[in-house]
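Working notes, beginning with the structure itself.
The values are calculated or read from the model by the stated rules, or taken from the named source; none is laboratory data. These numbers come from a predicted model, not from an experiment. With ideal geometry, Cβ positions are generated from the backbone for all residues, glycine too; neighbour counts draw on all protein chains shown. Keep in mind that these areas ignore ligands, DNA and RNA; they rest on the heavy atoms of the full protein, side chains included. Shrake-Rupley method; radii C 1.70, N 1.55, O 1.52, S 1.80 Å.
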Amino acid sequence: MSVAEDFEALYGAAPDGVWAAPGRVNLIGEYTDFNEGFVLPLALPHTAVAAVSRRDDGVLRLHSADVGGGVVQLAADTLEPLSGGGWAAYPAGVVWALREAGHPVTGADVHLASTVPTGAGLSSSAALEVVTALALNDLFGLGLTRPELARLAQRAENAFVGVPCGVMDQMASACAEEGHALHLDTRDLSYRQVPFDLAREGLRLLVVDTRVKHALGDGAYAERRAGCEAGARALGARALRDVSAVHLPETLARLSDETVRRYVRHVVTDNARVERTLALLDAGDTRAVGPVLTEGHASLRDDLRVSCPELDLAVEAANAAGALGARMTGGGFGGSAVVLVGADRADAVAAAVEKAFAGAGYAPPGIFPAVPSAGARRL
């Protein structure tokens, strides 16, 4: 059955509408978004789909086709941040954030189904948040822009769920366009759609899901965010986005804490890598992006130290088999890598990664092409 049919079977009436919001993969620019820097994500064809009806009695009913258990029923006016709730905290947090911002959301019936892999660093949580926000924006006539919806979805994840993520995931899900990557300035949320037609250039971008689950709420992500903020304060900068890559060694020498120094080096150089990648894409030299990706992985592995053996092996095996470049993507500690490869080498590279994982005794990875897809929309 369709999501709408499942909704009707569950709640006894057809939904007011059905919406979809995608997961995303980030081409380059990691841990830069909460430092007010630059990122270059693209939306995936994998989506969270929500069938939703408006309610005016204060009741919020949530159901997921992907998680065991029945309908979660809550009261819109008594939602409490950090009160648990598992998957339901993401859509409930959006209702809380909208109401806290003064928007009259008086309840809803929601049924969700998602094809975005969970724990893979592909923003399954942002897809849930953005699809909920877009549906409620439409049903209650709130008139919010896509960046405003993304900010509210981010607030839901930060303040309600308790994950101190930046805004990249929600912006990519809300604003991406088919056939494009999203060059986003996370300071002011200005963005540009960058043509990213890999097929026309005989290229593919593969996602390698290591199947190693990550949990960004476990403290490691927050520790790195705190370290980056400490580095900015020590350098007298509003955010690390304002620290220039020019004369970076002299700048780093001003930092006494070795860990903070590594974090700052990663963020400053990854911001520069986003700008280099953008220049290459604008010049039509997408193949030259490959080495920039591999350079970014080394920085994430050695300076930020958020990689893991499976991610390192995916990158090493892909590059050894003829990929143009590869890196881990997302928050790390598991999750996925991206591999830029000529279309004629894609199958061989995927097979080499699978063979390397088998040889190391790891579970088989999930490998699929990342096709730049449309952002959130009503179906």
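Listed here are the residues, each with its yes/no results for (1) at negative phi; (2) touching a Lys or Arg at 6+ places or on another chain (Cβ under 8 Å); (3) open to solvent by 60 Å² or more (accessible area, probe 1.4 Å).
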{"position": "Phe7", "(1), (2), (3)": "yes, no, no"}
{"position": "Leu44", "(1), (2), (3)": "yes, yes, no"}
{"position": "Leu82", "(1), (2), (3)": "no, no, yes"}
{"position": "Ala92", "(1), (2), (3)": "yes, no, no"}
{"position": "His103", "(1), (2), (3)": "yes, no, no"}
{"position": "His111", "(1), (2), (3)": "yes, no, no"}
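Yes or no, residue by residue, for (1) assigned to a strand (DSSP E or B); (2) open to solvent by 40 Å² or more (accessible area, probe 1.4 Å):
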{"site": "Gln170", "(1), (2)": "no, no"}
{"site": "Arg187", "(1), (2)": "no, yes"}
{"site": "Arg192", "(1), (2)": "yes, yes"}
{"site": "Leu205", "(1), (2)": "yes, no"}
{"site": "Arg224", "(1), (2)": "no, no"}
{"site": "Gly231", "(1), (2)": "no, no"}
{"site": "Ala245", "(1), (2)": "no, yes"}
{"site": "Glu250", "(1), (2)": "no, yes"}
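Which ones in the range 7-36 are of a type in the set (Val, Ile, Thr) and either more than 30 Å from Arg204 (Cα to Cα) or assigned to a strand (DSSP E or B) (or both)?
Within the range 7-36, Val18, Val25 qualify.
Check whether at least one residue in the range 140-156 is open to solvent by 10 Å² or more (accessible area, probe 1.4 Å), of a type in the set (A, V, I, L, M), touching a residue at least 24 places away in the same chain (Cβ under 8 Å) and outside any helix (DSSP H, G or I), and report yes or no.
yes
With respect to Arg55, is the statement that it is surrounded by fewer than 24 Cβ atoms within 10 Å (Cβ to Cβ) and either within 30 Å of Ala230 (Cα to Cα) or at pLDDT 95 or above (or both) true?
Against the criterion (surrounded by fewer than 24 Cβ atoms within 10 Å (Cβ to Cβ) and either within 30 Å of Ala230 (Cα to Cα) or at pLDDT 95 or above (or both)), Arg55 qualifies.
Looking only at strands (runs of 3 or more DSSP E) that fall completely inside the range 37-138, which ones have 3 or more residues that are more than 30 Å from Asp270 (Cβ to Cβ), free of Cβ contacts under 8 Å to residues at least 60 places away in the same chain and touching a strand residue (DSSP E or B) at 6+ places or on another chain (Cβ under 8 Å)?
59-64, 72-75
Quick one: which residue in Val306, Val339 is over 22 Å from Ala43 (Cβ atoms) and touching a residue at least 60 places away in the same chain (Cβ under 8 Å)?
When all the criteria are applied, what remains is Val306.
Listed here are the residues, each with its yes/no results for (1) open to solvent by less than 20 Å² (accessible area, probe 1.4 Å); (2) charged (D, E, K, R).
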| site | (1), (2) |
| --- | --- |
| Ala279 | no, no |
| Gly290 | yes, no |
| Ala298 | no, no |
| Arg305 | no, yes |
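Looking only at the range 69-94, count how many residues are in contact with a Phe, Trp or Tyr (Cβ under 6 Å, 6 or more places away or on another chain) and more than 15 Å from Leu152 (Cα to Cα).
1
Looking only at the range 267-276, decide whether some residue is touching a strand residue (DSSP E or B) at 6+ places or on another chain (Cβ under 9 Å) and farther than 21 Å from Gly332 by Cα.
Yes; the residues of the range 267-276 include at least one that is touching a strand residue (DSSP E or B) at 6+ places or on another chain (Cβ under 9 Å) and farther than 21 Å from Gly332 by Cα.
Residue-by-condition table, conditions (1) more than 27 Å from Gly334 (Cβ to Cβ); (2) more than 21 Å from the chain's Cα centre (by Cα); (3) open to solvent by 10 Å² or more (accessible area, probe 1.4 Å):
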{"site": "Ala75", "(1), (2), (3)": "yes, yes, yes"}
{"site": "Leu79", "(1), (2), (3)": "yes, yes, yes"}
{"site": "Arg99", "(1), (2), (3)": "yes, yes, yes"}
{"site": "Thr115", "(1), (2), (3)": "no, no, yes"}
{"site": "Ala120", "(1), (2), (3)": "no, no, no"}
{"site": "Val130", "(1), (2), (3)": "no, no, no"}
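Conditions first: (1) over 19 Å from the mean Cα position of the chain (by Cα); (2) open to solvent by less than 30 Å² (accessible area, probe 1.4 Å); (3) over 27 Å from Gly143 (Cα atoms); (4) among the polar types (S, T, N, Q). Asn26 passes all but one, so which condition is the exception?
The one condition Asn26 does not meet is (1).
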